[in-house]
Amino acid sequence: MGRYQILFETTEGKQITGHMLANTQEDARKRAEQDVNEKNGLKRIIEVKER
């Protein structure tokens, strides 16, 4: 299990960073995509990297 940093672009064009624990980078990306799909002001994922 690792800690991943996710860089999002918001619907307003700003960039924000989130963090999560996940088993793999792909798991972290899938969970981040769920956040984007929930229509909570996030437009897309820019980058996922391990911390």
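The values are calculated or read from the model by the stated rules, or taken from the named source; none is laboratory data. No experiment lies behind these values; they were computed from the predicted model shown. Glycine gets a Cβ as well: all are built from the backbone with ideal geometry, and neighbour counts include every protein chain shown. Note: accessible area is taken over every heavy atom of the protein model, side chains too, but ligands, DNA and RNA are not part of it. Shrake-Rupley method; radii C 1.70, N 1.55, O 1.52, S 1.80 Å.
What to note about this one:
- Per-residue ellipticity at 222 nm computed for the chain from its helices equals -8000 deg cm²/dmol, with DSSP H segments shorter than 4 residues left out and the rest contributing -39,500 (n - 2.57).
- The long axis of helix 25-37 is offset from the longest Cα principal axis of the chain by roughly 20 degrees.
- Here is the list for the chain: GluC sites (Glu not before Pro) lying in DSSP coil, each with at most 12 other C-beta atoms within 10 angstrom of its C-beta, are GLU12, GLU38.
- Just so you know, the Cα atoms of the chain work out to an Rg and Dmax of 10.3, 32 Å.
- Note on GLN15 and MET1: their simple-model spin labels are 2.9 nm apart, each label 7 Å out from Cα toward Cβ.
- Charge tally in the Cβ shell below 15 Å around PHE8, where Lys, Arg are +1 and Asp, Glu are -1, PHE8 excluded: +2
- Share of carbon and sulfur in the accessible area of the chain stands at 41%, probe radius 1.4 Å.
- Counting only Cβ charges, +1 for Lys and Arg and -1 for Asp and Glu, the dipole size of the chain around its Cα centre is about 60 debye.
- In the context of the full set of protein chains, the chain has a per residue accessible area of 72 Å² (1.4 Å probe).
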